[in-house]
Amino acid sequence: MIGSEDIVATIRMFQEENLDVRTVTLGVNIAGCVSADLSVFCDKIRQKISRHAGGLVAACNRIADRYGIPIVNKRLAVSPIGSIAANLGHEGMIQIARALDEAAGEVRVDLIGGFSALVHKGATPAEQRLIEALPEALSLTRRVCASVNVASTKSGINMDALLKLGQVIKLAAELSADQGGFACAKLCVFANIPEDNPFMAGAYHGFGEPEAVINIGVSGPGVVKRAIERARQERPDLDLQMLASVIKHTSFRVTRVGELVGQEVAREIGAEFGVVDLSLAPTPKVGDSIGEILQAMGIEKVGAPGSTAAIALLNEAVKKGGLFASSSVGGLSGAFIPVAEDSTLAHAAEQGWLSLEKLEAMTSVCSLGLDMICIPGDTDAPTISALMADEMAIGMINHKTVATRLIPVPGKKVGDWVHWGGLFGSSPILDVRAGGASAAFVNLGGRIPAPLSSLRN
Amino acid sequence: MSFQPTRYALSVMCQDKVGLVARLTGAVYGLGGNIEVLHQGVLQGYFVFMLMVTFPDGLDADGIRKAIESAGAPGEFVVSLLPRQDQTPAPAATGSTFVLTLSGEDSPGILKKITAYLGDQRINIEGLAAETKAGRCLITARLTIPALVDVRAARLDLAEIFKQEQVQISLMHEDIFAATSRIEMP
């Protein structure tokens, strides 16, 4: 029998603490859709997505109604286009992006990931063309998200790809200047990219995945924050070990909700169930913030000394609680600190408490990287490449998934704001200190060799 | 001659004190009775004891009541007996199990409003608990909701019924609470 205290605690998570299923992401293998005829290729993609995902939104809505759990986003991830579309030229890449966008629209999902290239050890001609096509593809489509894996612990960092991506990001920002460079918010640059990540913009359907698979991203920053606040009120003797236990307990509950929903959706649409991603993903909504969790833990100004230690504790406790709750944990599974998507982090950045350097330090112990970071529009491409290289180095050395979403907002200077609304939020423009001083390094190109720790056999 | 059991639903209420369960189960045992299901609680200092019991043939309700009452001081126990059918009745409703909770400012009539609505919708209450503390109430009910009932509409109806009151009401599938509160063994 479930006690009334457990019932009330569960209901509180939904009613007062913003717990929701952030995303149900259906991964679909589209490798079999490839055709030398571009129109056939596009048609096959639409048909396959329609076949597997046609019932996704309705199933999610039914399950959300049945369980009374909000499912915020329904998304798709497909096989990495750069790996399967060997024959496509620039125009072909754009057409595929449009076909993905239309297919996603037809099945009424929010976003579709997989316009991706895996170039950590080198790029094929098709992957090079995909990267070249990114600015146009992302600015011409609404739902398409892209990712490029430029580094791994096993292979090192592909600096040639990063150098190119610096230019690509600049161009993508310019092509979407009327939207504050929004195209860049749909491009993630990764080290150690996972094949089963349900979160955007970095989701793609990996080659080790089944034909169709449901991966779940659950979000509970509000739940964790309130649990910490309650514990601190009720236990004056609360220390950090106890605090970690409170977070673990909360993470357990959150993860269990995700697994329940994921299993049900997978059953209803005839897909396999993949993973629950434990990531704490904030939204711009007050009460749904990683920054507020750090404040609840006692860091008054996010970015102040102690912030890295606090988020390390949070990240580890979330993982431990989640791992106990589910045998199917994967994806990114860490606390995200995307500045634009977290109003408290954005405020801390505005106040100057949270700098780019501090964010980078924090990402060495949490997920995901320099995420949704707005920088001055006149930041030069090599500096953007160098910023990404720093983050990739953290991932490469620490056997860790990291990513960047950098947005050089056209026409904006340090201290200005950019507003996108919705889940993408708004952010001040952060200062890139000593910008323009890294070009000679990144222009060397080549590959930063893999670390010693990559040799584990 | 074959054994003909006599089945009763039996309830006992009295002021709570230590040793009551031992005295009452002793009285049932003394009558040759077998307890099949038991539910016991204490509500604001009052002991509430409900049993499903099978007694040997030949015992009538009056005899059982007197025997149970004699386990206490005169007038201490209020005993009720209801003869049961030989077969356990079919469930009053079939469907999915949901948990309804209402919390907030207490006021007269809340339970009546909820239960009247549930009855109208042919939703059966399988278990119900209500408590008040410092002017606030918490009601939790385990419900069987028939497949034909639109749960989403029921949530909206309940919100509408209580829109003037300072309460929060939720109606969620039991699976949610099972998932967040326990790990099933394979």
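Quick note: the coordinates plus some simple rules give every number you see, no bench work behind them. The model shown is predicted, which means the values in this text are computed figures rather than measured ones. In this analysis, Cβ positions are derived from the backbone assuming ideal geometry, glycine residues included, and neighbour counts consider all displayed protein chains.
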**Request:** Summarise the partner chain shielding of A:14-27 as one whole number: the mean count of Cβ atoms from other chains within 10 Å of each residue's Cβ.
**Result:** 1
**Asked** Rounded to two decimals, what ratio of Rg to Rh does segment A:3-93 give with C-alpha atoms and a Kirkwood Rh?
**Response** 1.21
**Request:** Could you work out how far the C-alpha centroid of segment A:301-350 sits from that of segment A:137-202, in angstrom?
**Result:** 22
**Request:** Over 21 Å, how big is the tail of the calculated P(r) for segment A:26-191, in percent of all Cα pairs?
**Result:** 47
**Asked** Taking N as the number of residues in segment A:354-457, what is its Cα Rg relative to 2.2 N^0.38 Å?
**Response** 1.16
**Asked** When the helices in chain A are scored as -39500 (n - 2.57) per DSSP H run of 4 or longer and the sum is shared across all residues, what 222 nm value do you end up with, to the nearest 500 deg cm²/dmol?
**Response** -14000 deg cm²/dmol
**Request:** State, in angstrom, two size descriptors of segment B:6-83 derived from its alpha carbons: Rg to one decimal place and Dmax to the nearest whole number.
**Result:** 11.6, 37
**Prompt:** When you count, for each residue, the other Cβ atoms within 10 Å and take the mean per peptide, how do A:277-290, A:168-181, A:432-445 rank with the highest first?
**Reply:** A:277-290, A:168-181, A:432-445
**Item:** For segment A:217-259, fraction of C-alpha pairs farther apart than 15 Å, in %
**Value:** 39
**Message:** A 30 angstrom limit on the alpha carbon distance is what I want to check against. Which of B:K17/B:K113; A:K74/A:K400; A:K164/A:K413; A:K319/B:K133; A:K154/A:K320 exceed it?
**Reply:** B:K17/B:K113; A:K319/B:K133
**Request:** In Å³ and rounded to a whole number, note down the convex hull volume per residue for the Cα atoms of segment A:215-444.
**Result:** 135
**Request:** At a temperature of 4 °C and a viscosity of 1.567 mPa s, determine how fast segment B:74-186 diffuses translationally according to Stokes-Einstein, using the Kirkwood radius over alpha-carbon pairs as Rh; express D in µm²/s, rounded to the nearest whole number.
**Result:** 80
**Prompt:** What is the average number of partner chain Cβ atoms found within 10 Å of a Cβ in B:143-156?
**Reply:** 1
**Prompt:** Can you give the mean number of other chain Cβ atoms that lie within 10 Å of the Cβ atoms in peptide B:163-176?
**Reply:** 4
**Request:** Mind computing the radius of gyration and Dmax over the alpha-carbon atoms of segment B:130-186? Å is fine for both.
**Result:** 14.4, 46
**Request:** Output the direction-averaged projected area (hull surface divided by four) of the convex hull of the alpha-carbon atoms of segment A:340-388, in nm².
**Result:** 3.7
**Message:** If I histogram all Cα-Cα distances within segment A:49-145 using bins 10 Å wide from 0, what percent of pairs lands in each bin?
**Reply:** 17, 41, 26, 13, 4
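Note the direction-averaged projected area, equal to a quarter of the hull surface, for the Cα convex hull of the protein assembly as shown, in nm².
36.3
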**Prompt:** For segment A:228-357, with equal point scatterers placed on the C-alpha atoms only and solvent neglected, what are the log10 I(q)/I(0) values from the Debye formula at q = 0.13, 0.20 1/Å, to two decimals?
**Reply:** -0.59, -1.14
**Prompt:** What are the trypsin sites (Lys or Arg not before Pro) within segment B:67-163 that DSSP puts in a loop, where the Cβ has at most 11 other Cβ atoms within 10 Å?
**Reply:** B:K163
